[in-house]
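Visitor: Once you've had a glance at the structure underneath, I'll fire off some questions.
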């Protein structure tokens with residue numbers, strides 16, 4: 001089941017926002033016109049801050065860095081690029097023809 005989160009135009013390119021979905025905070029990132037959805041919980045600090053992280057790349061992998069302890073997480077699959085034992089939940093996410101961001105099911 002997909003949920004409308006917001007319009008793509010509501011998110012500044014190369015930034016993230018937080019959406020509350022069924023009592024869970026989901027960080028939605030817009031990189032150009034592609035979107036990614038990860039848990040907003042930084043597993044290292046236990047703070048809900050990833051939507052405010054910095055987007056970049058590491059070893060050719062598109063990632064977000066936690067604003068607190070700077071660990072990097074792959075936007076595509078949520079894996080931590082600094083500690084292979086840690087990963088974040090991710091969601092299926094897409095942009096509709098009318099420009100709405102649609103959040104689907106949790107993937108992991």
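A short reminder: the numbers here are calculations on the coordinates, not readings from a lab. Since the model is a prediction, treat every value here as computed from it, not as a measurement. A quick note on method: Cβ atoms are made from the backbone with ideal geometry, for glycine too, and the neighbour counts reach across all protein chains shown.
Visitor: Based on the Cβ-Cβ distance from residue 47 to residue 97, what FRET efficiency comes out when R0 is 41 Å, to the nearest 0.05?
Guide: After rounding, the FRET efficiency stands at 0.70.
Visitor: Restricting to Cα pairs below 8 Å that are 6+ residues apart, what does the relative contact order work out to for the stretch 3-106? Please round to a whole percent.
Guide: 25
Visitor: Right, another one. Hey, fewest Cβ within 10 Å first, where do 105, 97, 82 land in order?
Guide: Arranged by neighbour count, lowest to highest, 105, 97, 82 become 97, 105, 82.
Visitor: Can you tell me the length gained on complete extension of the stretch residue 12 to residue 85, counting 0.36 nm per residue apart and subtracting the Cα distance? If you can, show how the numbers build up before the last one.
Guide: On the way: separation 73, 0.36 × 73 = 26.28 nm, distance 3.16 nm.
In short, 23.1 nm is gained.
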